[in-house]
Amino acid sequence: MSYEEQIEKIVGDVWTSMLGLEIHKVSDEASQTAPDKGGSAFCGCVHITGGWEGVVALYLSDNLASTCTESMFALDPGTASETELRDAVGELTNMVGGNFKSTLDGACSLSIPSVIEGGGFQLSNPGCSTVSRSVFDCQGKTMSVIVQKKG
Amino acid sequence: MKILVVDDSKAMRMIVIRNIRQAGYESCEVKEGNNGVEGLAAVKEWSPDLVLSDWNMPEMNGIQFLQQLRAEGNQVKFGFVTSEGTQDMRQLAASSGASFLIAKPFTVDDFKQHLAQVLG
């Protein structure tokens, strides 16, 4: 399975099982305005080291971050706190990154997730290049998942 | 019945507790911890029947938490709930004294199956 196929399966499993939300991959054309291309977003990031080294980053649009957080915490719409938003995005990143790590050959370690929020930021991982980019739609709200590999 | 849930994510602790209740353990007492250090203190103070712990946590991770418990002679039933479910990690979990490892994402049925085996 390619990296994109692995990520698509993992994201689908996580969103369905843990959030009870339908999510699907969108076309390249639709992905040009995805959260990793600018605008305000929550970005969760985990590093993988060992037999495979790189980064898995999730960029959730603000409204998708809210929807996912409300689902995880069983909150009413529009009531998620900043702390809850960061926690939820971090945990979703942990699950996607952890499951991706399980597909890799060789012993690897997974970092604790970091979460960045706001607009106009750029996540750079020196020495890494993008090996997979997938964009998803969940209830009309978007998420980008980027996999970068070192070397 | 007392269950200690240890995870650095409050969101995940809520989901785990929700799944414990949905698995049929509505009346059990549940306490929470943020990491292995808090987990160790809670086990000593509260004597739970079961610990459900994440693996990847700051301060003290889940496997260190379990190994410390066993090194101290504490045989509390212990299960991992983690996003990292490789064969190597399952083997390490089992050899360190864990009864099971539930991989995220999980379902209520995963909880029903594993909790029934250790708690009845």
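The values are calculated or read from the model by the stated rules, or taken from the named source; none is laboratory data. As the structure is a computational prediction, the values presented were derived from the model and not from experiment. Positions of Cβ are backbone-derived with ideal geometry, glycine not excepted, and every protein chain shown enters the neighbour counts.
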Filter result for B:N35 (surrounded by 20 or more Cβ atoms within 10 Å (Cβ to Cβ) and in contact with a Pro (Cβ under 9 Å, 6 or more places away or on another chain)) = yes
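Yes/no matrix, rows are residues, columns are (1) in contact (Cβ under 8 Å) with a residue 12 or more places away in the chain; (2) at the interface with chain B (Cβ under 10 Å from one of its Cβ atoms); (3) in contact with a helix residue (DSSP H, G or I) (Cβ under 6 Å, 6 or more places away or on another chain):
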| residue | (1), (2), (3) |
| --- | --- |
| A:G90 | yes, yes, no |
| A:K101 | yes, yes, no |
| A:A107 | yes, yes, no |
| A:F121 | yes, no, no |
| A:P126 | no, no, no |
| A:S134 | yes, no, yes |
Among (1) within 27 Å of A:Q32 (Cα to Cα); (2) free of Cβ contacts under 8 Å to residues at least 60 places away in the same chain; (3) of a type in the set (D, E, K, R) - the single one A:D76 does not satisfy = (1)
Give the residue that is surrounded by the fewest Cβ atoms within 10 Å (Cβ to Cβ), with candidates limited to residues of region B:71-95 that are of a type in the set (D, E, K, R) and more than 22 Å from A:S109 (Cβ to Cβ).
-> B:E72
Quick one: is A:L92 outside any strand (DSSP E or B) and at pLDDT below 95?
-> no
In region A:28-54, the residues that are assigned to a strand (DSSP E or B) and either in contact with a Phe, Trp or Tyr (Cβ under 7 Å, 6 or more places away or on another chain) or under 13 Å from A:S144 (Cβ atoms) (or both) | A:A41, A:F42, A:C43, A:G44, A:C45
Of all strands (runs of 3 or more DSSP E) completely enclosed by region B:5-120, which ones contain at least 2 residues that are more than 14 Å from chain A (Cβ to nearest Cβ) and either under 12 Å from the mean Cα position of the chain (by Cα) or more than 27 Å from A:R86 (Cα to Cα) (or both)?
-> B:29-33, B:50-53, B:77-82
So which residues in region A:8-27 are more than 14 Å from every other protein chain (Cβ to nearest Cβ), in contact (Cβ under 8 Å) with a residue 60 or more places away in the chain and either out of contact with any helix residue (DSSP H, G or I) (no Cβ under 8 Å at 6 or more places or on another chain) or not in a loop (DSSP other than H, G, I, E, B) (or both)?
-> A:E8, A:H24, A:K25, A:V26
Of all residues in region B:77-101 being free of Cβ contacts under 8 Å to residues at least 40 places away in the same chain and of a type in the set (A, V, I, L, M), which is farthest from B:I17 (Cα to Cα)?
-> B:L92
